[in-house]
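Please read the structure below before turning to the comments.
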Amino acid sequence: MATWNSRGLRGSELEEIINLTNEKYREKNLALIQKIPTPIKPIKIDKENRHITLAYFEQRSTVDYIGAVQGIPVCFDAKECAREVFPIQNVHEHQILFMRDFEAQGGIAFLLIHFTSVDRYMYLPFRRLADFWNRAKLGHEKHFRLEELDEEYELFCKGYYLNYLEGIQKDLLSRDESGDLS
């Protein structure tokens, strides 16, 4: 069974940026995106500081965020990576299956990855993530490198906002051009 501890806050800076961005999108009626909490069962609590120090996940999470952008259903996960190599094990099989099924229903699924060592933010469309996942399943590299990602999907953080709608737009355009609307 999975447990949560102080390492559970990894990625919280990226998530805070995304949360602020989502609030701005909502205020401007551009999108309505919600953070999906992962239910946990606290085991140990530091009563003095009122912090959970050990907990069990009650169920597997799907993705970090879900919502709609101008009527288009979207779901995505936010990941931080300290190096320019992203371990594919950081995305769990149940997340891959959920994103695959989400796209099969006409939605858009993707990852937002912050490569912290070089301070670069990337939008990774699900179809490309699936390529990396399948490559690993076939016994090849169990990771992908920043240099393998399409530079056109690089996002820029302006202040405390990460305009990932640009990535969604490029993703949609690439689907239109390839004829892949699923």
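Observations on the structure shown:
- Of the complete DSSP H runs in the chain, those spanning 18 angstrom or more by Cα along the long axis with a mean Kyte-Doolittle score not below -1.0 are 165-178.
- Across the cross-link table entries LYS24/LYS79; LYS28/LYS142; LYS79/LYS137; LYS28/LYS79, which are compared at the Cα atoms, the separations over 32 Å belong to LYS28/LYS142.
- GLU23-LYS170 pseudo-label distance in nm [points 7 Å out on the Cα-to-Cβ vector]: 2.7 nm
- Using bins of 10 Å that start at zero, the share of Cα-Cα pairs per bin across the chain amounts to 9, 35, 37, 16, 3, 0, in whole %.
- Residue of LEU138, LEU146, LEU30 that the Gaussian network model of the chain assigns the largest fluctuation, springs spanning Cα pairs under 10 Å: LEU138
- Pairwise FRET efficiency - GLU16 versus THR53, Cβ, R0 = 30 Å, nearest 0.05: 0.90
- Taken along the Cα-to-beta-carbon direction at a fixed 7 Å, the label points for LEU30 and ALA104 span 3.2 nm.
- Taken along the Cα-to-beta-carbon direction at a fixed 7 Å, the label points for CYS157 and THR116 span 1.0 nm.
- Across the range 71-156, counting alpha-carbon atoms alone, Rg and Dmax equal 12.6, 39 Å.
Values quoted throughout were computed directly from the atomic coordinates according to the rules given, and no laboratory measurement underlies them. Remember, it's a predicted structure, so these values are computed and weren't measured experimentally. No Cβ is skipped: glycine too gets one built from the backbone with ideal geometry, and neighbour counts run over all protein chains shown.
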